[in-house]
1. Asp76: net charge of surrounding residues, Cβ under 13 Å, Lys/Arg +1, Asp/Glu -1, itself excluded?
2. Would you look at the GNM of the chain, springs on alpha carbons closer than 10 Å, and say which of Gly100, Gly155, Gly22 moves the most?
3. What full-extension length gain, to one decimal in nm, is calculated for Glu3 and Trp185 as 0.36 nm per residue of separation minus the Cα-Cα distance?
4. Using a 10 Å cut-off around each Cβ, can you sort Met62, Met15, Met131, Met1 from fewest to most neighbouring Cβ atoms?
5. Could you work out the relative contact order of the stretch 2-199? I mean the mean sequence separation of Cα pairs under 8 Å and 6+ apart, divided by the number of residues, in percent.
6. Show that you can apply the helix-only estimate: for the chain, add -39,500 (n - 2.57) for every DSSP H stretch of four or more residues, divide by all residues, and state [θ] at 222 nm to the nearest 500.
7. Could you give the dipole magnitude of the stretch 2-199 about its Cα centre, charging the beta-carbon of Lys and Arg +1 and that of Asp and Glu -1, in debye to the nearest 20?
8. Quick check: from the Cα gyration tensor, does the stretch 129-180 come out rounded (a/c under 1.5), prolate or oblate?
Amino acid sequence: MEEYSTLVQTIALTMGVAWASGINLYGTLLALGIMSNTGYVDLPADLQIIGDPLVIAAAALMYGVEFFADKVPGVDTGWDTLHTFVRIPAGALLAAGAIGDVAPAAELAAAIVGGSIAAGTHFTKAGSRVMINTSPEPVSNWTASLLEDIAVFAGIWAAIEHPYIFIALLVAFILLIVWLLPKLWRGIKRIIQFFVDRFNGKPPESNMPVSK
């Protein structure tokens, strides 16, 4: 029974760091680093470097930059685009490190699944921001960004303290992504077409969708 519980905790941490990295990598590193140094969590050997003060300082600095960049309409989309090449591989590496001292095949499997989860959360966040940025007011943008920050820290805490609940919520979230991403992509294509039409001097076929 104890081995089963340990396995669930490992899976929750492995998938949790990947999920959170896709939303805010620096917040994830900062949370893990602080928790490791305060003794709140005993990180696997491959992740213990996150608790190094230099890594925590770097994560805190970049989290501060992202905190403000993520709340400026347009800047947040550029930031998300750039971090497509950062969050997804980082999520895969963190997932591989979180699984612990296991066979290389298990680490590779964790990296594949973790990278996929990080990609799903990243593209969901980036896509939803493109839609939100069509709104003329900044309140929805700030609200979305703050909720994402809260979700990252709460998610990491839940993965450590309540792994069973976290895994159940993660499964629900994955199902939501499967349903939501195609709708986001259709909305993004309409926005792109709107600006292409405006650039070419053609009247758009319909008004640009506005987030509600």
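1. -2
2. Its mean-square fluctuation being the largest, the pick is Gly100.
3. Gain on extension, Glu3 to Trp185, equals 61.3 nm.
4. Sorted ascending by nearby Cβ count, the order is Met1, Met62, Met131, Met15.
5. 32 percent
6. Estimated from H runs of four or more residues: -26500 deg cm²/dmol.
7. Once rounded to the nearest 20, the dipole reads 1020 debye.
8. Details: a/c = 5.27, a/b = 1.75, b/c = 3.02.
Oblate is the answer for the stretch 129-180, as a/c is 1.5 or above yet b/c matches or exceeds a/b.
Quick note: the coordinates plus some simple rules give every number you see, no bench work behind them. These numbers were taken from a predicted model, which means no experiment stands behind them. Here the Cβ is made from the backbone with ideal geometry for all residues, glycine too, and neighbour counts use every protein chain on show.
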